[in-house]
Amino acid sequence: GAGVSQSPSNKVTEKGKDVELRCDPISGHTALYWYRQSLGQGLEFLIYFQGNSAPDKSGLPSDRFSAERTGGSVSTLTIQRTQQEDSAVYLCASSPRQGLETQYFGPGTRLLVL
Amino acid sequence: GDSVTQMEGPVTLSEEAFLTINCTYTATGYPSLFWYVQYPGEGLQLLLKATKADDKGSNKGFEATYRKETTSFHLEKGSVQVSDSAVYFCALSDTGTASKLTFGTGTRLQVTL
């Protein structure tokens, strides 16, 4: 079946602009995660959604970052007033449920802030 | 908090050589341990996992044993191939942290003929 998909695959933006990154999880997966992969910080957790529960936002680096998940499926990560240090690959993952299930990763969105 | 430490790369080996990539962890609960692999130009893929002490995860000739006494999960392969060239990430998921993954910094492996 289809895996996790993300769009766009690449995004170039100017400093100060807002960007939206999209994630389509595997159908039926109730848990969805966002991670960021950058040269300076490695792979770091950003936010986690599980069903209708309040999301775990503990990894968001600043209040410029927000995410939502509509209808328990598609998720959008929004970065407002982008900064150069936001340049990274943003990865989305999904798993069947909360717990110790395997997370399946999408191909990522490569964001470059000029 | 939770953390994962893995050996820095790059690691360069000749084909058919033995591979070890060290990984140690600290965690507050009873974590599951994972190795993910990222091939050039591709996304992260799960390579293997172990969910409790003394479990051995294995896949594609790679193995790793969950050692609680040494808090380690070293990755091994008896004979590497050029196609194994990739970046390998050790990670843990702690029962107390909603299953979010904590990753090591990654180890780049390059296998030459």
Chain A: relative contact order in percent, alpha carbon pairs under 8 Å with at least 6 residues between: 38 percent
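Tell me, what is the Rg over Rh of the stretch B:27-113, with Rh the Kirkwood radius over Cα pairs?
Rounded to two decimals, Rg over Rh is 0.98.
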Simple label model, 7 Å out from Cα along Cβ direction - residue A:54 to residue B:3, nm: 2.9 nm
Taking the convex hull of Cα positions in the stretch A:28-83, its mean projected area over all directions (nm²): 4.2 nm²
Neighbour cut-off at most 11 other Cβ (10 Å), DSSP loop, GluC sites (Glu not before Pro), the stretch B:22-113: B:69
Kirkwood Rh and Cα Rg combined as Rg over Rh, evaluated for chain A: 0.95
Accessible area of the stretch A:12-114 divided out per residue, in Å², using a probe of 1.4 angstrom: 48 Å²
Gaussian network model of chain A, springs between alpha carbon atoms under 10 Å - residue of A:39, A:21, A:91 with greatest fluctuation: A:39
Compactness of the protein assembly as shown - radius of gyration and Dmax, Cα, Å: 17.6, 52
Rounded accessible area of residue A:110 (nearest 10 Å², 1.4 Å probe): 140 Å²
Most mobile listed residue (A:86, A:63, A:18) in chain A, GNM with C-alpha springs under 10 Å: A:63
Gap separating the Cα centres of the stretch A:1-69 and the stretch B:65-91, nearest whole Å: 27 Å
Residue among A:25, A:61, A:96 with the largest mean-square fluctuation in a Gaussian network model of chain A, springs linking Cα atoms under 10 Å: A:61
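The values are calculated or read from the model by the stated rules, or taken from the named source; none is laboratory data. None of the values given here were measured: they were computed from a predicted structure. Counting neighbours? That spans all protein chains shown, and the Cβs are built from the backbone with ideal geometry, glycine included. With ligands, DNA and RNA removed, areas are computed over all heavy atoms of the protein, side chains included. Shrake-Rupley method; radii C 1.70, N 1.55, O 1.52, S 1.80 Å.
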